[in-house]
Amino acid sequence: MKSTTPRRSRAAIVCTGTLALALTACGGGGFEEEAGSPQQSSGPAKLTILIGTSGDAETNAVKAAADAWAKKSGNTAEVVVASDLNQQLGQGFAGGNPPDVFYTDASRVGDFAKAGNLYAYGDEVKDAGFLDSLVQTYTYDGKLQCAPKDFSTLGLVINSDLWAKAGLTEADIPKDWPSLEATAKKLTSGNVTGLVISGEAARVGAFMKQAGGWIVNEDGTEMTANSPENVEALTFVKKMLTDGTMKYAKEVDAGWGGEALGKGTAAMTIEGNWIRGALQKDFPNVKATVAELPAGPKGKGTLLFSNCWGIAAKSKNQAAAVDLVKSLTSTEQQMEFAKAFGVMPSTTAGVEQYAKDFPQDAAFAAGGEYGQGPVNLAGYEPVNAAFNTDLEQLKSKDPKAILDTLQKNGEAVIQGK
Amino acid sequence: MTTDVSATRGRVTPGRGSGPRRGGSARGRGRRGDAAAGWLFTAPMIAILGVFLFIPVLMALYVSLTSWNGNGSPFGGGENARFVGLDNYTALFTEDGLTRETFMQSLGNNFWFVLFVVPLQTALAFFLALIVNNRFLRGKGFFRTAFYFPSVTSSIAISVVFIFLFANSGAVNAVLSWFGIDGPAWFSDSRGLFHIVAGAFGVDGTPAFAQAEVFGRTLWEWFAGPSVAMCVVIFLVVWTTTGTFMLMFLAALQDLPEEVDEAALLDGTSGWQKLRHITIPMLKPAFFLVTTLGLIGTWQVFDQIYVMGKGAPANTTLTPAFLSYKQSFTSLDYGTGAAISFVVFALIVAITSFQRWLLRDRDAAPRRRRRGLGLGRPVGSTTSGAAAEAGDRA
């Protein structure tokens, strides 16, 4: 090969190119610190909405709602379905280019807010009439961080056929712990277990609430995990597990309570609204009745699950995003979502409407009054995972020891390591 | 070849004749030119490695010294990325807390994983290589392809298939039930293998001699062995990696000088003796390569874990690589996540050096070792013996 370019200058070219490459890699704008909120763009906004979807029904409903808003407001809104919402959000935040609007799970609000990833627009949407329990769930650092999207609660779901087979009637639906135990015992025979639940805090926690305890105090500033009430709750669950009247879903070869109920290995389970859609899809012939969870020594208690519409602190279109969220959380729009994929509206008016339109699920709606949202401490995720691991082995472990560990780990998180 | 070399030289020192250069100054200049050309040709690769590997590694090292939460730049300081020195590392080793507990458990899990996978995959790969290297095997091509196939299939796809195979009512348990064995609930059984064995001998709970705590875990917990769920991952990894390593052994086997083999035959060695005293010593470099690659690969296991349960049941399939990812992207604690990966890095370097020391050639002169196969004394003595015998016969 012959070349007319002198060797020396070729070397120079290569070196300069290399250097330029190295410099752009470091100085490409990705690492500059931006102070305060980013400059807001003017003119029609182009919003990106990142959602974690339960299926086509949900995706299409959100798309339709976003399109309707875009048409009305003259902006554009693109709905992106995440395959792993938490990871994609983490990536977006770290890369400085997060989606404008996104689903935020109630248990992650603390983490996101503490890291300064959320634009706390709560004050702008306060008047929408959200349920108090939801507002409390999404309040971190004294500020409502985002608008609740919808919610679900846990109820006692009963396989109607197995119920009738055991000779039980509607009057036998358990109202308290002793009757729950007695009914579960009656229903347990052969392959059928009286009560099957997932062995995790998100189910077992309901018993803690019914016993008058909870993992943290009311404003979420202190751990109250090893209170006598919580010990009482876990002891009760452990007793039912040992008696064999209650089993974890994994023990009966099911991924979750709904699957066990559908397969007929569980007569009762504790699950949320989503069980309706799942049963319809996988076990269309199974009839299920929903009741409120039986009350414990300190009254009724259930857990509440919810997502909110987070808006990124780094979004350039915050005003448009808030406007979009307002339209998405209107009671009419939320009823559309409820019809499409079975979640409950996050507003008081919406809940009433829901109970009226879906009388068979009124028990879920009733739970909104006294439901407990997830712990939203920043950094609580791994603590919860460790607690779940312990709960899986509740049968062979001491309830007090489990709760002491939870208390210790949680306190470490509150003190910031 | 020769023309190539002279052409290169000609370019390196332009304006000079291509005749032999003996003068000291000329040679010095030529060397300098050579060096420049060398740097020039490697520059693109150095740049790529630098930009995409070396600089990011240094950046990650810095992140591991901060409490970066993923918001903004990790180099900006401030609330989002405070410099915390070695705090992230001490949290992993000396502070009694959840971080250390999970990290130590993941180390324990991965340790058992490596201890089972590396010997198994090496032995199996060597065995398969011997089979497909057999002169009298028919359909060699078919078997070579069949054994190599798992290695070229996507690990995610295979993991998903394994999830179905090992489901509670899956194919594996169905086959086991033909033999009257009630298969375990593979993916939800968190009991360690050694605990199960101990349980069979009536040892339940923590015996007194295993109460001592090391890094916050009792010895009993450390010596649990891989959980039943982890065993599935072990099967899977052994099965998928064996093919590649078989290929390496096969290449080494085909590289062995045939005369040595023949000489051994003349010596009247049995098949086993030949394998034990000739083939295996001569394959030492191949064994070193396979075990090293195996060790590095097994300490970094990630995708199988991600697909097959993300650490469940009871964190017994959690590995440091996965924990690092989880700590960073789910818990938004990038500092600890980066620290974990550097600890694993140090661990891999340490273990590989140890293994290098273990497999070093003890009795061969350094020069001979460099010549490639590194024939040990047993081989040498056998050949010379065989040669002498052959000489006698002649």
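Given B:71, A:234, B:246, which one lies farthest toward the positive end of the charge dipole of the protein assembly as shown, if we put +1 on the Cβ of every Lys and Arg and -1 on the Cβ of every Asp and Glu?
B:246
What does the accessible area of residue A:352 come to, in Å² to the nearest 10, when a probe of 1.4 Å is used?
So the heavy atoms of residue A:352 present about 120 Å² to solvent.
³J(HN,Hα) across the range A:194-205 via Karplus (A = 6.51, B = -1.76, C = 1.60, θ = phi - 60°), whole Hz, x for Gly/Pro?
Per-residue couplings from phi come out as x, 10, 10, 9, 6, x, 9, 4, 6, 10, 4, x Hz.
For the range B:172-212, list whatever residues lose no less than 20 Å² of accessible surface once every protein chain is in place, relative to that chain by itself, with the probe at 1.4 Å.
Relative to the lone chain, where solvent access is computed with a 1.4 Å probe, the range B:172-212 loses at least 20 Å² at B:188.
Enter the Cα centre distance for the pair the range A:294-345 and the range B:297-331, rounded to the nearest angstrom.
Result: 32 Å between the Cα centres.
Could you give the size of the charge dipole of the protein assembly as shown about its Cα centre, using +1 on the Cβ of each K and R and -1 on the Cβ of each D and E, expressed in debye and rounded to the nearest 20?
Once rounded to the nearest 20, the dipole reads 4940 debye.
Please state the shape class of chain A: rounded when a/c is under 1.5, otherwise prolate if a/b exceeds b/c and oblate if not, all from the C-alpha gyration tensor.
prolate
So what's the back-of-envelope 222 nm ellipticity for chain A, counting only DSSP H runs of four-plus at -39500 (n - 2.57) apiece and dividing by all residues, rounded to 500?
One gets -14000 deg cm²/dmol as the mean residue ellipticity at 222 nm.
For chain A, set up a GNM with springs between Cα atoms under 10 Å and report which of A:48, A:137, A:242 has the largest fluctuation.
Highest fluctuation among the options: A:242.
Expressed as a whole percent, how much of the Cα-Cα distance distribution for the protein assembly as shown exceeds 41 Å?
48
Rank A:167, A:113, A:136 by how far each Cα sits towards the positive end of the charge dipole of the range A:85-241 (+1 on Lys, Arg Cβ; -1 on Asp, Glu Cβ) and give me just the farthest.
The residue sitting most towards the positive pole is A:167.
Could you tally the net charge around residue A:196, taking each other residue with its Cβ under 11 Å from the Cβ of residue A:196, Lys/Arg +1 and Asp/Glu -1?
Once positives and negatives cancel, what remains is 0.
When only the heavy atoms of the protein chains count and the probe is 1.4 Å, how do A:108, A:276, B:32 rank by accessible area, highest first?
B:32, A:276, A:108
When Lys and Arg each count +1 and Asp and Glu each count -1, what net charge do the other residues less than 10 Å away from residue A:371, Cβ to Cβ, add up to?
Net charge in that neighbourhood comes out at +1.
Which of these, A:67, A:150, A:172, has the largest mean-square fluctuation under a Gaussian network model of chain A (Cα springs below 10 Å)?
Result for chain A, Cα springs under 10 Å: A:172 fluctuates most.
Write down the Kirkwood hydrodynamic radius of the range A:142-182, to one decimal in angstroms, obtained as one divided by the mean of 1/r over all alpha carbon pairs.
13.5
What per residue convex hull volume, in Å³, do the alpha-carbon atoms of the range B:124-271 yield?
229
Roughly how many Å is it from the Cα centre of the range B:118-159 to that of the range A:75-123, as a whole number?
46
Chains B and A: what accessible area do they bury, summed, in square angstrom to the nearest 100, with a 1.4 Å probe?
3100
Looking at this model, which pairs from A:175/B:326; A:209/A:316; A:63/A:356; A:114/A:395 are more than 31 angstrom apart at the alpha-carbon?
A:175/B:326; A:209/A:316; A:114/A:395
Under unit Cβ charges (Lys, Arg +1; Asp, Glu -1), what dipole magnitude, rounded to 20 debye, does the range A:161-302 have relative to its Cα centre?
Result for the range A:161-302 is approximately 400 debye, rounded to the nearest 20.
With only Lys, Arg, Asp and Glu charged, each at its Cβ (+1 for the first two, -1 for the last two), find how big the charge dipole of chain A is about the Cα centre; round to the nearest 20 debye.
That gives a dipole near 1360 debye.
Using a 1.4 angstrom probe on the protein heavy atoms only, could you order B:223, B:322, B:52 from most to least accessible area?
Ranked from most to least accessible, the order is B:52, B:223, B:322.
Just to confirm a number: summing +1 for Lys and Arg and -1 for Asp and Glu over residues other than residue B:290 whose beta-carbon lies under 14 angstrom from that of residue B:290, what do you get?
Spelling it out: positives minus negatives among the neighbours equals +2.
Nearest 0.05, what FRET efficiency do residue A:41 and residue B:53 give at R0 = 25 Å with Cβ-Cβ as r?
0.10
Report the one residue of B:112, A:255, A:197 whose Cα lies farthest in the direction of the positive end of the charge dipole of the protein assembly as shown (charges on C-beta: Lys and Arg +1, Asp and Glu -1; origin at the Cα centre).
Going by the Cα projections, it comes out as B:112.
Given the options A:369, A:170, A:392, which has the most mean-square fluctuation in a GNM of chain A, springs set between C-alpha atoms less than 10 angstrom apart?
Among A:369, A:170, A:392, the largest GNM mean-square fluctuation belongs to A:170.
The values are calculated or read from the model by the stated rules, or taken from the named source; none is laboratory data. Small disclaimer: the values here were computed from a predicted structure and weren't measured. Quick reminder, even Gly has a Cβ in these numbers, built from the backbone with ideal geometry, and neighbours come from all protein chains shown. These area figures cover heavy atoms from the full protein model, side chains too; ligands, DNA and RNA do not enter into them. Shrake-Rupley method; radii C 1.70, N 1.55, O 1.52, S 1.80 Å.
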